[in-house]
Structure formats: C-alpha cells, structure tokens
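The values are calculated or read from the model by the stated rules, or taken from the named source; none is laboratory data. Please read all numbers here as calculations on a predicted model, not as lab measurements. We place every Cβ from the backbone using ideal geometry, glycine too, and count neighbours over all the protein chains shown.
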Amino acid sequence: MDVPDQSQGPAPRACPDCGAAVAQGQRRCTNCGASVDARRRLPRRTPLIAAVSVLGLSGIAVVVAQAAVTEQAGVDASAPADVASAPVAVQGPALPAPSGPTSTPPKIESAEIPESTTPTLNIPAITPTTPSTDTTNSGPDGDPVDDDTAADPDDLQQAKTIKVKRAKNYDPLERAGVEFGKPKAAIDKRSRTVWDVNVPADGEPFNVGIVLDLGDEAKKVAELKISTPTPKFGAVIYRADSAEIPATVDDKEWKLVSSLETVSDDVTVPMSEDGDTKWARYILVFLTTPISPDDTRAAISNLEVLP
C-alpha cells in the first residue's frame with residue numbers, strides 16, 4: 001500500500017478572482033488586490049442582496065410616509081377654520097364712495113352677420129355634339145384637299161376602287177432570262193414601291209405580264225388605272241371571269257379590252273368600248289414592246305381597278 005509523501009509542501013494557492021498565483025500566508029492578491037482569505041472574503045452575491053434590502057426598506061419608507069400624509073390631511077379637514085382668515089368687522093364711519101368715474105366694461109354690440117349665400121357660377125350650358133362625318137376637307141387617304149366644298153376627284157376614285165386580292169407574275173412562254181419583281185408592289189397603293197420586269201435585249205417583245213385576282217367571284221369593273229415610272233412601253237389589257245387564270249394569251253377565256261402602243265403615267269383604261277361595266281375575276285396587263293431595243297425594262301407602281 002502506497003503512503004502519500006508527507007515531505008511535499010502545501011499545494012500552491014491561486015486568487016479566486018483573477019487566478020494569479022498567491023504565496024503562502026499572503027492575504028491579498030498582488031495582481032488584482034482581492035482578498036484571498038476565505039474567512040474575510042464576502043461572497044459575490046453580497047452586493048446583490050444588499051441592493052435588494054435597500055430597495056425593500058425604501059419601499060416601506062414610502063408607504064409609511066404616504067400613510068402619514070393621508071392621516072394629516074384628515075386632521076386638517078376636521079379642524080375649525082382659522083380665525084385669522086375670517087372677515088374682520090371694522091367699526092366707524094363709512095368710507096366715502098369714490099368720486100371719480102368708475103370703469104365699466106365696454107358694451108359689445110353684436111355685429112350683424114349677413115346670411116350666408118352660396119356663390120353661383122355662370123356656366124353656359126354645354127350642348128353635346130356628335131362627331132362630324134364631313135370629309136370634304138380630306139380625302140380617304142387622309143391628305144387635305146385645297147377646296148373646302150369638294151374632295152379631290154383622285155381621292156374619290158381611290159375610295160371606289162375594287163380591292164385586289166392578290167397579284168401574280170404571268171409568263172406563259174416561260175421566256176429564258178426574264179427577271180420579275182414582286183407583284184405585290186403593284187397593288188399596295190404606294191408610289192415608292194414598284195413591280196418591274198426585265199427581259200433580254202434580243203429584239204423580241206416582252207410577252208410577259210402581271211395578273212390581278214379580284215377574289216372568288218367576278219366583279220363589275222369599269223376602268224383600270226395604271227401608274228408607271230417608266231412610260232412608253234407597249235401593253236395589251238385582257239379580262240376573264242373564268243374559275244382559273246387562262247394559261248395562254250390565246251385562250252378564249254381572255255377577253256381583249258384595249259391595246260396600248262405606249263403606256264403613259266396615270267393612264268385610265270376603259271374596260272369596255274361601249275362604256276358599260278363588264279364582269280371580271282382576273283385582269284391581265286400583258287407587256288408587248290419595250291421602251292427601246294436597248295431599254296428592255298418596265299415598271300408599274302400602282303394598278304387600281306375602278307367599278
């Protein structure tokens with residue numbers, strides 16, 4: 001059995017507050033100054049207990065003081081009135097009345113307030129108006145006209161145009177070297193866009209054209225208006241009311257309308273010689289002779305069908 005070594009010295013001490021080493025017999029810490037003697041050192045909760053005790057005693061003192069004040073107030077209320085505060089009767093002749101003018105409060109006269117009147121505004125009656133349907137100052141395309149009494153005849157013609165459903169290039173002979181533009185440009189009613197065609201300069205006629213499709217049913221047509229930036233080419237106008245576009249110019253379904261040696265700009269072509277309107281589902285503008293042997297290009301900016 002091992003016997004503990006009695007020759008060893010006492011265990012080293014440490015400050016209970018900061019943990020610094022404390023020598024034997026030392027009563028205060030040389031680092032923080034706290035007492036290291038357990039018998040003299042107060043527990044850490046002593047300040048808290050002291051504070052609670054002080055607060056409790058203060059509360060008791062307040063209650064006692066309030067009770068004393070209340071009791072004193074009851075005594076004062078039941079005591080007789082102070083003799084010094086009572087009015088004192090003075091014997092002797094009465095004092096003369098003041099001879100000077102006495103100040104009296106000024107009399108306030110009530111001001112008459114006029115009856116409130118509600119202000120009225122003189123607002124003229126507004127008569128509802130209906131939108132004007134007068135279009136004499138502008139044409140159907142929105143452009144103003146110079147005369148206020150009548151619209152531009154060109155605008156009136158545009159208002160009465162028959163809508164073209166589609167346009168197609170027409171090349172029955174399938175001529176080699178022909179270059180077509182977009183046929184839609186001839187029916188979009190824009191002068192800046194054109195349908196054009198260019199053929200080889202071989203001295204042969206154009207023999208190509210453009211077909212206007214007026215829809216699923218034939219329409220009564222009276223005139224065809226042609227606008228071109230390259231006048232002086234030749235053309236032949238045909239009409240047909242067949243179910244399909246005739247394959248060749250020689251087809252009996254094509255009805256000859258007019259032959260134009262030179263096409264000028266904004267030319268109007270009657271669709272019949274007798275002046276009566278004719279039925280048409282398709283209209284063909286068939287180009288024949290070019291402007292010159294060296295100038296084999298032709299262009300059309302607008303094609304308009306009038307009823």
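Surrounded by 15 or more Cβ atoms within 10 Å (Cβ to Cβ) and of a type in the set (Lys, Arg), is that true of residue 255? So residue 255 passes the test.
Take the conditions crowded, with 17+ Cβ neighbours inside 10 Å and out of contact with any strand residue (DSSP E or B) (no Cβ under 6 Å at 6 or more places or on another chain) and apply them to residue 290. Does it pass? Considered against the rule, which asks whether it is crowded, with 17+ Cβ neighbours inside 10 Å and out of contact with any strand residue (DSSP E or B) (no Cβ under 6 Å at 6 or more places or on another chain), residue 290 comes out as yes.
Which one of the conditions (1) basic (Lys, Arg); (2) closer than 14 Å to residue 286 by Cβ; (3) touching a residue at least 60 places away in the same chain (Cβ under 8 Å) does residue 255 fail to meet, given that it meets all the rest? Going through the list (1) basic (Lys, Arg); (2) closer than 14 Å to residue 286 by Cβ; (3) touching a residue at least 60 places away in the same chain (Cβ under 8 Å), residue 255 breaks only (3). Note on the range 184-211: residues that are closer than 23 Å to residue 250 by Cβ and either part of a strand (DSSP E or B) or of a type in the set (Lys, Arg) (or both) amount to 5.
Is it the case that the range 283-292 has a residue that's at pLDDT below 95 and hydrophobic (A, V, I, L, M, F, W, C)? Yes, the conditions are met somewhere in the range 283-292.
Of all residues in the range 212-261, those satisfying the criterion of being part of a loop (DSSP other than H, G, I, E, B) and within 16 Å of residue 303 (Cα to Cα) are 214, 215, 222, 228, 229, 230, 231, 233, 234. Of all the residues in the range 274-290, those that are over 21 Å from residue 174 (Cα atoms) and assigned to a loop (DSSP other than H, G, I, E, B) number 5. Considering 266, 241, the condition of being closer than 14 Å to residue 223 by Cα and free of Cβ contacts under 8 Å to residues at least 60 places away in the same chain is satisfied by 266 alone.
Listed by first and then second residue, the pairs with beta-carbon distance under 6 Å, at least 6 apart or on different chains, first residue in the range 176-189 and touching a residue at least 12 places away in the same chain (Cβ under 8 Å), second among the polar types (S, T, N, Q) and part of a loop (DSSP other than H, G, I, E, B), are 185/193. Might you check whether a residue that is in a helix (DSSP H, G or I) and surrounded by 16 or more Cβ atoms within 10 Å (Cβ to Cβ) occurs anywhere in the range 175-183? Yes: the range 175-183 contains one or more residues that are in a helix (DSSP H, G or I) and surrounded by 16 or more Cβ atoms within 10 Å (Cβ to Cβ).
Taking the criterion of being among the β-branched types (Val, Ile, Thr) and not in a strand (DSSP E or B), the residues of the range 160-174 that qualify are 161, 164.
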